[in-house]
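To start, the structure under review is shown below, and the notes come after it.
The values are calculated or read from the model by the stated rules, or taken from the named source; none is laboratory data. Treat the numbers as computed from the prediction; the structure is a model and nothing was measured. Neighbour counts are summed over all protein chains in view; Cβ atoms, including those assigned to glycine, are modelled from backbone coordinates with ideal geometry.
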Amino acid sequence: MPGREVGPDRAEALRGTHEAAAYEGWFLERVEEAIREADNPNAVSIPDEVIKGEMARERAELLALLKNEGK
């Protein structure tokens with residue numbers, strides 16, 4: 001109806017809908033970009049074991065820092 005004001009609950013719902021749509025667009029762009037990069041014949045693949053090892057080392061370093069921070 002013309003001239004009808006949108007209440008705060010409806011405005012918040014619309015804002016959430018717009019934010020979700022914007023995020024979905026951003027996310028799909030990132031996925032498409034990742035697929036293009038993975039399909040590139042010059043792409044470099046890092047073995048899972050290497051990544052897991054690096055993450056374990058970083059996690060151990062951070063835990064040591066947190067432990068020493070409490071002293």
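Which of the residues belonging to segment 4-51 are basic (Lys, Arg), part of a helix (DSSP H, G or I) and at pLDDT below 95? Reasoning before the result, please.
Taking segment 4-51 and keeping what is basic (Lys, Arg), we get 4, 10, 15, 30, 36.
Add one more test, that the residue is part of a helix (DSSP H, G or I), and what stays is 10, 15, 30, 36.
Answer for segment 4-51, where residues must be basic (Lys, Arg), part of a helix (DSSP H, G or I) and at pLDDT below 95: Arg10, Arg15.
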Item to check | Evaluation of Met1 against (1) surrounded by 10 or more Cβ atoms within 10 Å (Cβ to Cβ); (2) modelled with pLDDT under 95; (3) of a type in the set (A, V, I, L, M) (one fails), failing number | outcome: (1)
